[in-house]
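This is the structure, below, for whatever I ask next.
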Amino acid sequence: MRRFTQLFLEVDRTTRTSEKTAALRRYFEEAPPEDAAWALAVLTGQKLIRRVSYKRLRAWAGEATGYGDWLLGECHSSVGDLSETLSLILPPAKAPRPDEPLRRVVEERILPLAQMTEAEQRTALLGAWDAFDGTERFLFHKLISGNFRFGAARKVVVNALAAAAGVDPAVMQHRLSGRYTPSVAAFGALLSADDGDNDDPARPYPFYLAHQLDDPPTVHAMGQPSDWRAEWKWDGIRAQLIRRSGQTLLWSRGDELITDAFPELRAAGDLLSDGTVLDGEVLAWDEDQPLPFGSLQKRLNRKRVEMMLFVDVPVVFMAYDALEADGQDLRQTDTDARRAVLERLLPGDAALRLSPLIAFESWDELAVLRAESRDRGVEGVMLKRAEASYGTGRTDRGSWWKWKVDPYTVDCVMVYAQRGTGRRSTLYTDYTFAVWDGDERGQGELVPVTKAYSGLTDEEFAKVDRFIRGHSTGKKGSFREVKPELVFEIAFEGINASDRHKSGVALRFPRMHRWRTEKKPTEADTLGSLKRLLDARPS
Amino acid sequence: MTHAHSDHATPGSQRYLCSDVGKPVLAQRVHAEAEIEGLPYGKATTINGVTVSLHPAGHLLGSAQVRVEQRGRVEVVSGDYKVAPDGTCAAFEVVPCDRFITESTFGLPVYRWRGDDETTTEMLAWWGGNRDAGRTSVVFAYALGKAQRVLHMLQTGVDELPGPVVVHGAVKRFVDVYRDAGVALPEVDTSTDGSRKACKGKGLVVAPPSVLGTPWLRKFAPYSTAFASGWMAIRGNRRRRGVDRGFVVSDHADWPGLLDTIRATGCRSVGVTHGYTEVLVRYLREQGMDADVVPTRYEGESDSEKEPPMTTDDHG
């Protein structure tokens, strides 16, 4: 595991992406393929096993160190990461041992943990603590913890692998999207130089992503409206529907295969001819309107969906682009050409819809139409340059824009704080916010409505962190109760009724919009005003 | 005064008492007119019928523990202290007492320091690597104590340093004081056109963390950054700082250091202040000791490594 540890340190010890990429590339080129195959799985975020429970790890660490569980808890909460905490407090390893290759560590020490009883796991862990020290011990814990963030974004890993293989990063992303099963053969295939294996039906194209448009479009900034095509910005799951080699597959943008969750879309895809790839949005749909995003999540959370459930949550695939037709990659053709193909391809099945174009003559007219977004249950409008090809990721700026409607905002009082994770594990950066429970500001009680952890600058986070440390009124697990004094404007994209929350509402994409230092907690908003938003929402 | 960090030594008083070694250090921190009395380590004086003496705390140049005795009862206030000797100040001495008031900045079992030698080797390797890549090496360290300690570690760690050294003015003041006290330190320059030219791409810059993002620092670009602090033992602290490297160099006692010292004083009662007070008190009580929290008014406004570094402009 030494070479892998060295890679980790090289990546961890620089903030420069070029150096991280170079270190990864060297590793892919130099490390034995049987080790690198596993390293790649870990680097791309695959879990090796269902994680060994924190409770057990802490109990065994208590035995090994003699420290009470409360003290391990204090350490864990201060460090913010159990793997690191354990590597710091456990006694040094017994004797120095010869290096164990990563493959052996994974196959002989880690994968077997999944089948073990608690007692066997304990023996295995105590054995590992004797074998590994320092950074190796930290990495071992990370490998069994199921959420290893290596310090290199997926894109960096993909670029490094592409460089090692001598292929275009887009090609590597294409090869990597889908299911990678670690093996010497699979790793070798990824690293192979030729690109003659486009027949694999299981691989989506890299999604082309839109940039956010902050200011209303003008002729000066965007050019003539006639050079652009507009559509509604749907609020669902971005996905590719693929029909190849007699199979239908639905891939989400997170590179997850979600076909099983949406059998009616599979059935609709089966009607497409072979060699077809559509880009679009999976939406919960009722007659002529999308349903709130929350109704889709119910589906995703179930692995096997009973046919009867469809009646409750009907789902459609709203197609807006054709990436492949008759086995031909269309991505280099322009927007209008792909649109023409798309309109020809759709079989007229109710579950497979065509995202309509919005007709507009001027930017002002589009602005007026955009204002209808909330009533239509969409997030705003999309703009696609008529002559643009279908790009990769978010790299080339200027061809696709999302012009979202302004978010909702609500003034809330901070009532609880938790430490962040990763880079922010030593700071209080995750906050719970409350509003007044009745209809009167400053009357009744504060009821928590949402959590948020983004939107402040590092400086603001440091100030808030300091306030929390000085104004904590108690502790509940990892939550610190905070004196209700700070007011924040929370921006959010939508609101749903929720019986899982005491407040009865759940906000979508909440984030801190502004720290209202000029406001007193008595000036925060009320639950009544939020609930009225719920009623006004189109159903 | 136990030592001259600003959370312990504040200007405004007319008279100060500190160790005689610490006098020139403290003089940098208080009014020029203030009267500073220096007391040699171990020498007793009597104030209002209480016998008072100062003893080395190993924290920085002139740092002291305060021993007070009256009617046979002895109490010792540790101030900030570090157990391992380091060559920039008198080594910590255990002072037997009835009650010991200890700091607890690093009072968690996750903090266990390695020897300085290993860290020195790492720093020199990092500096050499940067020089080979044509980058300046920038170490962020608190201006009093830590900066001189880092310079001393490098100076005594190798026959010839990989390149010239430039320090920030805030660091330079105390480099001079340390050098006058006989501490081995490399030749250093402040930032001038000439010194920057010699330093850029190969030398070392030692500056307080507050220079990050300022034009003062940008003139040394391209550079690689490191932070020297006990807090760097935790990966999250370093990543949040946004520096390339973290070197674990602390001027406080680690967890074993705190426990060993408490035991060695033979005290029957422990007061815990400044840091993880509640954790250490609870642990000591579990071990059957009489321990309590001693509140402080001076947390969170220091220029030492008293609390985890928050942002770049915060000296914490």
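Which of the three applies to segment B:14-102, rounded, prolate or oblate, going by the alpha-carbon gyration tensor with a ≥ b ≥ c and a/c under 1.5 meaning rounded?
oblate
Spelling out what I want: for every residue of segment B:282-287, take phi, set θ = phi - 60°, compute 6.51 cos²θ - 1.76 cosθ + 1.60 (Karplus), and round to whole Hz; glycine and proline get x.
4, 5, 4, 5, 4, 7
Okay, moving on. With each pseudo-label sitting 7 Å past Cα toward Cβ, what's the A:E108-A:R376 distance in nm, one decimal?
Label at A:E108, label at A:R376, 6.2 nm between them.
Can you compute the radius of gyration and Dmax for segment B:116-247, using only the Cα atoms, both in Å?
Both quantities, over Cα of segment B:116-247: 13.5, 38 Å.
When a/c reaches 1.5 or more, the comparison of a/b and b/c decides; with that in mind, is segment B:172-268 rounded, prolate or oblate per its Cα gyration tensor?
The shape class here is oblate.
Size of the dipole of segment A:211-390 about the Cα centre, Lys and Arg at +1 and Asp and Glu at -1 on the beta carbon, nothing else charged, in debye to 20?
I would put it at about 560 debye.
What figure, in Å² to the nearest 10, do you get for the accessible area of B:D98 with a 1.4 Å probe and non-protein molecules left out?
30 Å²
With r as the distance between the Cβ atoms of A:R149 and A:L126 and R0 = 35 Å, compute the FRET efficiency 1/(1 + (r/R0)^6) and round to 0.05.
Given R0 = 35 Å and the Cβ-Cβ separation, E is 0.85.
Let me ask something additional. Please compute the modelled spin-label separation between A:R253 and B:W216, points set 7 Å along Cα→Cβ, answer in nm with one decimal.
Going from the B:W216 label point to the A:R253 one covers 4.4 nm.
Under the definition of partner shielding as Cβ atoms of other protein chains within 10 Å of a residue Cβ, what is the mean value for peptide A:76-89?
Mean shielding by partner chains, rounded to a whole number: 4.
Let me ask something else. Taking H placed 1.01 Å from N in the peptide plane, check which residues at least 5 places from A:L323 or on another chain put their amide H under 5 Å from its amide H.
Answer set, sorted by chain and number: A:V277, A:L278, A:D279.
Peptide B:105-112: average number of partner chain Cβ atoms within 10 Å per residue?
Going residue by residue through B:105-112 and averaging, the value is 5.
Equivalent-ellipsoid semi-axes (√(5λ), Cα gyration tensor) for segment A:82-125, whole Å, largest first?
Those come to 19, 16, 11 Å.
Given the protein chains as shown and a 1.4 Å probe, how many square angstrom of A:T421 are accessible, to the nearest 10?
90 Å²
Which one of A:G420, A:A164, A:Y408 has its Cα pushed farthest toward the positive end of the charge dipole of chain A, where Lys and Arg give +1 and Asp and Glu give -1 at the Cβ?
A:G420
With a bin width of 10 angstrom, please list the P(r) values of segment A:408-536 as percents of all Cα-Cα pairs, from the 0 bin to the one holding the largest distance.
14, 47, 33, 7, 0
Within a Cβ distance under 10 Å of A:D12, other residues only, what is the Lys/Arg minus Asp/Glu net charge?
Local net charge: +4.
With a point put 7 Å past each Cα toward its Cβ, work out how far A:T409 is from A:R2 in nm, to one decimal.
A separation of 5.8 nm, rounded to one decimal place.
Could you tell me how far the Cα centroid of segment A:113-158 sits from the Cα centroid of segment B:204-283, in Å?
Answer, in whole Å: 27.
With a cut-off of 15 Å, note down the residues of segment A:500-521 whose backbone N falls inside the zone around a label point 7 Å from the Cα of A:L533 toward its beta carbon.
Answer for this model: A:503-514.
I've got another one for you. For a quick check: with amide H placed at 1.01 Å from N, whose amide H comes under 5 Å from B:D20's, ignoring anything fewer than 5 positions away on the same chain?
HN-HN under 5 Å from B:D20: B:L39, B:Y41.
Near A:T135, within a Cβ-to-Cβ distance under 12 Å, what is the net charge of the other residues, with Lys and Arg +1 and Asp and Glu -1?
0
On C-alpha positions alone, give me the angle between the axis of helix B:116-132 and the longest principal axis of chain B, in degrees, nearest 10.
With both axes taken from Cα atoms, the answer is about 20 degrees.
Separate question: From the Cα gyration tensor of chain B, with a ≥ b ≥ c the square roots of its eigenvalues, which class applies: rounded if a/c is under 1.5, or else prolate if a/b is larger than b/c, or else oblate?
Cα axes put chain B in the prolate bin.
Picking from A:S226, A:L291, A:S355, whose Cα lies most toward the positive end of the charge dipole for segment A:211-390 (charges on Cβ: Lys, Arg +1; Asp, Glu -1)?
Farthest along the dipole direction, towards plus: A:L291.
Under 5 Å between amide H atoms, partner at least 5 residues away or on a different chain: which partners does A:K233 have, H built in plane at 1.01 Å?
Sorted by chain and number, the residues that satisfy this are A:E379, A:G380, A:V381, A:M382.
Can you tell me the Rg and Dmax of segment A:368-455, counting just the alpha carbons, in angstroms?
Values for segment A:368-455 (Cα only, Rg and Dmax): 19.7, 58 Å.
While we're looking at this one, here's another question. Report the residues of segment B:150-185 in range of a label on B:A198: point 7 Å along Cα→C-beta, backbone N strictly under 15 Å from it.
Counting only backbone N, you get B:161-168.
Please report Rg (one decimal) and Dmax (integer) in Å for the Cα set of segment A:2-143.
Calculated on Cα positions, Rg and Dmax stand at 15.7, 46 Å.
From the phi of every residue in segment B:170-187, what ³J(HN,Hα) in whole Hz does the Karplus formula 6.51 cos²θ - 1.76 cosθ + 1.60 yield, where θ is phi - 60° and glycine or proline is x?
5, 7, 4, 3, 7, 4, 4, 4, 5, 4, 4, 7, x, 7, 6, 9, x, 5
OK, next. Take the Cβ-Cβ distance between A:S498 and A:W70 as r, set R0 to 30 Å, and report the resulting FRET efficiency rounded to the nearest 0.05.
On the way: r = 34 Å, r/R0 = 1.13.
Plugging the Cβ-Cβ distance into 1/(1 + (r/R0)^6) gives 0.30.
Using the Cα atoms of the protein assembly as shown to build a convex hull, what is its mean projected area in square nanometres?
Average of the hull's projected areas for the protein assembly as shown equals 41.9 nm².
Longer than 21 Å from Cα to Cα, which of A:K483/A:K519; A:K402/A:K531; B:K23/B:K172; A:K47/A:K298; A:K483/A:K531 are they? Say none if no pair is.
Exceeds cut-off: A:K402/A:K531; A:K47/A:K298; A:K483/A:K531.
For segment A:211-390, take every pair of Cα atoms, bin their distances at 5 Å starting from 0, and report each bin as a whole percent.
So the P(r) values, bin by bin, are 1, 8, 16, 20, 19, 16, 11, 6, 2, 1, 0.
Report the charge-dipole magnitude of chain B in Debye, nearest 20, computed about the Cα centre from +1 at each Lys and Arg Cβ and -1 at each Asp and Glu Cβ.
660 debye
Heads up, I need the accessible area for A:R253: 1.4 angstrom probe, whole protein in place, Å², nearest 10.
The value for A:R253 is about 120 Å².
What does the charge add up to near B:R179, with Lys and Arg as +1, Asp and Glu as -1, over the other residues with Cβ less than 15 Å from its Cβ?
Neighbourhood net charge equals -1.
Between segment B:18-80 and segment A:448-482, what's the alpha-carbon centroid distance in Å?
Here the two parts' Cα centres lie 39 Å apart.
FRET efficiency for B:D189 and A:K94, Cβ-Cβ distance as r, R0 = 51 Å, nearest 0.05?
Details: r = 49 Å, r/R0 = 0.96.
Once rounded, the FRET efficiency stands at 0.55.
The values are calculated or read from the model by the stated rules, or taken from the named source; none is laboratory data. These figures come from a predicted structure and were not determined experimentally. Positions of Cβ are backbone-derived with ideal geometry, glycine not excepted, and every protein chain shown enters the neighbour counts. When the accessible area is computed, the model is the full protein with side chains, heavy atoms only, and any ligands, DNA or RNA have been set aside. Shrake-Rupley method; radii C 1.70, N 1.55, O 1.52, S 1.80 Å.
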